[in-house]
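Down below is the structure, laid out as structure tokens.
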Amino acid sequence: MSEKKLFGTNGIRGLVNVELTPEMAIKVGCAIGTFFGRKNLLVGHDARTSGTLFSKAVISGLMATGCNVFFAGMAPTPSLQFAVKNHKMDGGVIITASHNPPEYNGIKVIWSDGIETSHEQETEIENIYYQNKIVFAPWDKLGEARDLPGINDEYVQAIKTHVNQAKIAEKHFHVVIDAANSVGGLTAPPLLRELGCKITTINANIDGTFPGRLPEPRPENLTDLSSTVKAIGADMGVAFDGDADRSIFTDESGTIYWGDKTFAVVIKQFLLKNKGAKIVTPVSSSTLIKDTVDAYKGELIWTKVGSVTVSQKMKEVDAKLGGEENGGIFYGPHQAVRDGAMTTALLLNIMAETAMPLSKLVAEQPQYFIEKGKIECPDDKKEVVLQKIYEQVKGENISTIDGVKIWFSDSSAILIRPSGTENVFRLYAEAKNQTKALKLVEDYSSRLKKILETV
Ligand code: MG
């Protein structure tokens, strides 16, 4: 087994020409091609300045190992994932660094079902890469490359079939779209226009330097969206991340909601229509999700943190809805992956069917206050520290799916989780008031510090 790691939580990521170089991308392409073994693969990229460069490098590697490449050009990650399944490809490769700043890029591998490859499959690719197990094709068995245009429109048309188009059109919603100067601008504007919405766009011109805002849709990056919605009296605002698999919304007053609030809106309506349905979410999700699933009598299934894990769990238990607090919603009837445009259509559908503005749909939810903290801890001590914390709290209402999560009787909760990428423990606390949430972070931070002194 290799000690080195190529893949992080969501594919390979790195600084362009520093951590992620063209030579490396060719070799990664060769490793992916060897892993699939002379199959048909779809390749596309987001709007980063290095998208074409890394697509061509990866394509070279795939062709050298005998894979036929279908090149879709620029597309959101969920559009490429949908096309892999729709065109019965054996898999795909997406060149994107998702929400990272413009100087980054990355490589994600997609399996034939449209879901990112599992960590086991990534390890196989890593082993091929590091142990020089690449199998080149002979000169007369090289892969071919051709263009596959039109996938973004196929994706838009597919999303429309999952909502009540007539009902949405009746409402003449005015929506402001902040596309982060990336690929969300290729699909969300036509989708919403075809659904009968009036749209106003900001940062919708494709520009890989991302001049409008950073591609992470965090509230501090969305002030323009918020003020535009307010100024023009729109019904809703939506902002995507760099590859448009995540979406964050504002209501008609410009108030920005973190993803757990919109996910809870979707869960409620989904459970009203699908009694007892399974809802999949990582253990880092807010208690709001648990409360909503309990209130509308669904079955909540917790997973480890990470979008691939949510997708795979949805498949395993045949769940039709999943979500993350960061604005990633997985709608199984369309595809079991995070999908920003599908989420936007779902919310418009809910606003149309309930005849309620987003502010009202969110206002009826219980409110929680969230506090976060982190404590430094060397990588080799994480496991023993986690074990000690577990021993201290094992009598309480806990989950050990990923780190340790404790739910208290007053509806407050804390998740203590070793970071997969940094030498820290992360603490996420929530409670009905800020003071309690803060106190939980303080209490468990000092417990962690005490444990660290003894190990
Ligand atoms: Mg993303």
**Request:** For segment 298-311, indicate whether the set of residues that are buried (at least 21 other Cβ atoms within 10 Å of the Cβ), more than 27 Å from HIS119 (Cα to Cα) and away from the ligand (no atom under 16 Å from the Cβ) is non-empty.
**Result:** yes
**Message:** Condition first: buried (at least 24 other Cβ atoms within 10 Å of the Cβ), touching a Cys at 6+ places or on another chain (Cβ under 9 Å) and of a type in the set (Gly, Ala, Ser). Now tell me which residues in segment 30-60 satisfy that.
**Reply:** GLY33
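Kindly establish whether GLY322 is open to solvent by 10 Å² or more (accessible area, probe 1.4 Å), modelled with pLDDT of 95 or more and more than 16 Å from GLY237 (Cα to Cα).
no
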**Item:** Every residue from segment 262-287 that is at pLDDT 95 or above, closer than 21 Å to LEU358 by Cα and more than 16 Å from the chain's Cα centre (by Cα)
**Value:** ALA264, VAL265, VAL266, ILE267, LYS268, GLN269, PHE270, LEU271, LEU272, LYS273
**Prompt:** Filter segment 240-253 for residues that are of a type in the set (A, V, I, L, M, F, W, C) and more than 15 Å from ASN100 (Cα to Cα); which is farthest from the ligand (Cβ to nearest atom)?
**Reply:** PHE249
**Message:** Conditions first: (1) of a type outside the set (A, V, I, L, M, F, W, C); (2) in a helix (DSSP H, G or I); (3) in contact with a strand residue (DSSP E or B) (Cβ under 8 Å, 6 or more places away or on another chain); (4) in contact (Cβ under 8 Å) with a residue 40 or more places away in the chain. THR187 passes all but one, so which condition is the exception?
**Reply:** (3)
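Being part of a helix (DSSP H, G or I), touching a residue at least 12 places away in the same chain (Cβ under 8 Å) and within 12 Å of ALA179 (Cβ to Cβ) narrows it down to one of LEU272, LEU225, so name that one. Before the answer, list the steps.
Details: LEU272 fails: within 12 Å of ALA179 (Cβ to Cβ).
LEU225 is the lone residue from the list that is part of a helix (DSSP H, G or I), touching a residue at least 12 places away in the same chain (Cβ under 8 Å) and within 12 Å of ALA179 (Cβ to Cβ).
The values are calculated or read from the model by the stated rules, or taken from the named source; none is laboratory data. The model shown is predicted, which means the values in this text are computed figures rather than measured ones. In this analysis, Cβ positions are derived from the backbone assuming ideal geometry, glycine residues included, and neighbour counts consider all displayed protein chains. When the accessible area is computed, the model is the full protein with side chains, heavy atoms only, and any ligands, DNA or RNA have been set aside. Shrake-Rupley method; radii C 1.70, N 1.55, O 1.52, S 1.80 Å.
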